[in-house]
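K.L.:
Questions regarding the structure given below will be posed in turn.
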Amino acid sequence: MSGPMVSGSFGIWDYVVFAAILLISALVGIYHAVVGRGQGTPEEFLLGSRQMSSLPVALSLTASFMSAVTLLGGPYETYHYGAVNAYFAIAYTFVVVVSAEGFLPIFYRLGVTSSYEYLELRFNRWVRLCGTILFMIQTILYTGIVIYAPALALNQVTNFNLWGSIISTGIVCTFYCTLGGLKAVVWTDVFQIVIMVTGLVAVIVQALILEGGVTNVLNNAHNGGRLNFWNFDPNPLHRHTFWTIVIGGTFTWTGVYGVNQAQVQRYISCKTRSQAKVALYLNLIGLWVILVCTVLSGLSMYSRYHECDPWTSGKVEAPDQLMPYMAVDILGGYPGLPGLFVACAYSGTLSTVSSSINALAAVTVEDLIKPYFTNLSEKELSWISRAMSLLFGAVCIGMAGLASLMGSLLQAALSIFGMVGGPVLGLFTLGILFSWANSAGGIVGLITGFAFALWIGIGSQMHPPPPAVTVPLNLSTARCNVSHSSNGTFWATETLHTTPTSRDYRVETAASWYSLSYLYLSTFATLIVIIVGIIVSLLTGGRKAHVDTDLLLHWTDLSCYFPRSSIGDRIEVMTWNARSDTVVGNSNPAFSHMEMDSTERRKS
């Protein structure tokens, strides 16, 4: 077994590879700042003039998903809880279909810049303000985790100062976001996704070689109970089962891809609606690839350390350091490859943080400044957008400190999505599906759902679920020759499970709500918003309201694809508006004077 990781184990080539990644990312921002000198309007800066193509947008969507949280937390999830999380492949499929066929047509029909503009058109300005504020809270908290994750990796495998890494991450992201806008963000993501996949594949291939191939890895995983796919327990308290992952994962990630500004802003920047849909479906392939890589990484990690767990033996200080530990352990003899993996984790952060900063700037300008300062020129708003990028870059750096107080990075990130994203998803769903929903139902439903999610989310942090609910798998230290662990937890035996007493059962029953699977936070919050919103709307005269049909989802918004010779504009999308005399085809409604005029009338 490998010994403790030595600080400063990077060689000169590792630093060269790592520095090159930062330099190229910064140069992309400079390039788009020079080429896009005419970015004199918020639309040009924040949406790339709505002229992006499907492939780069698809890669950008995947890159922002594949953050350092995924790269570091995903393999650990498989290592400690088993490969049951492979069922996320089903959830991702549902997420992309719902986002592409349910939410995307409405945003394109309205030609919005901020997805929360829909809430004002459908309900009122106060509902829109609530949605915007919740998004900003969610994004800042999540971005803090994403910045902290690679800094943790750097601190573990090099002599880089932890806060030096955090600050440098924020500075590089803020730099190219402020200079180049969305175009810089998207094209930097394209470069970074290549680095991320390359780094992850390098670790997997080397681990498989050292462990004697895929067969040996799978045999060790099977013997250790890691191939726990047959888990169909419907208990909502159990952390990961088929049902919690497929149902809870679908709601959680639909809150991201369907209505979250950071993702919506990318696909509404496409030239046409058909290209936006193609971008989402291409992105689905990327999500599957990432999932396979993280599951294989976790199984390879278990095969290598199944007799001496580095975490419980004290060789690493936190479970999310296991992936960089393995990377340096197995790649240390190859100059530049450890640097490639750290650059891989770092690229994941750059892509996610840059999209967050860009989205925060967009909602600030569109939702908080333009509606209240109507005398500002387009040039002034463009400079304000850049100033907001600088401001939120600094704020996100500060929030990274909070991430060090959280446990598993991946669970913490998804819990934030559930607590905030769930209620917002419920609000959008209420608006697009139920014509009788009104502003009173929307605001009361949102507050109720958010209160529930906040109660459960905070309660679960204060009263962590017992092992009987989370079902962690055994971690052995049989061949480590240690008597204690630096993190205060030592499992010298082959099992984590003990026989619960009657008192344990009473405590577990009392805290059962706090033991709800973190993936179900979004599900329950969404359903509460919808149910409460419907009831309140019906009690406050919602059935008498007259709602513009453009704000509702139509069955005719679903698309029929007829592929020709290539993907993109050659995929013909036949889509009809609910009004039979108006055809909504492939053109972006942001360029249609008729659509813009109708939008302005709805605002007034």
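The values are calculated or read from the model by the stated rules, or taken from the named source; none is laboratory data. Just so it is clear, the structure is predicted and the values come from calculations on it, not from any experiment. No Cβ is skipped: glycine too gets one built from the backbone with ideal geometry, and neighbour counts run over all protein chains shown.
K.L.:
Taking ARG239 as meeting all but one of (1) within 19 Å of TYR520 (Cα to Cα); (2) at pLDDT 90 or above; (3) among the basic types (Lys, Arg), write down the number of the exception.
P.N.:
(2)
K.L.:
Only residues that are crowded, with 24+ Cβ neighbours inside 10 Å and modelled with pLDDT of 90 or more: list them for segment 242-252, please.
P.N.:
THR244, GLY248, GLY249, PHE251, listed by residue number.
K.L.:
Among the residues that make up segment 326-339, is at least one of them modelled with pLDDT of 85 or more and not aliphatic (A, V, I, L, M)?
P.N.:
The answer is yes, given that some residue of segment 326-339 is modelled with pLDDT of 85 or more and not aliphatic (A, V, I, L, M).
K.L.:
If you take the residues of segment 124-166 that are small (Gly, Ala, Ser) and within 16 Å of the chain's Cα centre (by Cα), which of them is modelled with the lowest pLDDT?
P.N.:
Filtering segment 124-166 for residues that are small (Gly, Ala, Ser) and within 16 Å of the chain's Cα centre (by Cα), the one modelled with the lowest pLDDT comes out as ALA149.
K.L.:
Here's a follow-up. Could you tell me whether segment 224-241 includes any residue that is without any contact (Cβ under 8 Å) to a residue 24 or more places away in the chain and either in a helix (DSSP H, G or I) or crowded, with 21+ Cβ neighbours inside 10 Å (or both)?
P.N.:
So far as segment 224-241 goes, no, none of its residues is without any contact (Cβ under 8 Å) to a residue 24 or more places away in the chain and either in a helix (DSSP H, G or I) or crowded, with 21+ Cβ neighbours inside 10 Å (or both).
K.L.:
Please state which one of SER522, SER517 is modelled with pLDDT of 75 or more, assigned to a loop (DSSP other than H, G, I, E, B) and within 30 Å of PRO467 (Cβ to Cβ).
P.N.:
When all the criteria are applied, what remains is SER517.
K.L.:
List every residue pair whose Cβ atoms lie under 6 Å apart, where the two residues are 6 or more positions apart in sequence or sit on different chains, the first residue falls within segment 446-468 and is of a type in the set (Asp, Glu), and the second residue, located anywhere, is part of a helix (DSSP H, G or I).
P.N.:
Correct list of pairs: empty, since none qualify.
K.L.:
Of all the residues that make up segment 49-82, how many are surrounded by fewer than 24 Cβ atoms within 10 Å (Cβ to Cβ), in contact with a Ser or Thr (Cβ under 6 Å, 6 or more places away or on another chain) and modelled with pLDDT of 85 or more?
P.N.:
So the count comes out to 0.
K.L.:
Scan VAL214, VAL201, VAL205, VAL194 and give me the residue that is in contact (Cβ under 8 Å) with a residue 60 or more places away in the chain and β-branched (Val, Ile, Thr).
P.N.:
When all the criteria are applied, what remains is VAL201.
Rundown of residues vs (1) among the small types (Gly, Ala, Ser); (2) touching a residue at least 60 places away in the same chain (Cβ under 8 Å), yes/no style:
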{"site": "TYR76", "(1), (2)": "no, yes"}
{"site": "ASN85", "(1), (2)": "no, yes"}
{"site": "ALA89", "(1), (2)": "yes, yes"}
{"site": "TYR92", "(1), (2)": "no, yes"}
{"site": "VAL97", "(1), (2)": "no, no"}
{"site": "ARG109", "(1), (2)": "no, yes"}
{"site": "THR113", "(1), (2)": "no, yes"}
{"site": "TYR116", "(1), (2)": "no, yes"}
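Listed here are the residues, each with its yes/no results for (1) outside any helix (DSSP H, G or I); (2) in contact with a helix residue (DSSP H, G or I) (Cβ under 7 Å, 6 or more places away or on another chain).
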| site | (1), (2) |
| --- | --- |
| THR312 | yes, no |
| LEU322 | no, yes |
| ASP329 | no, no |
| PRO335 | yes, yes |
| ALA343 | no, yes |
| SER354 | no, yes |
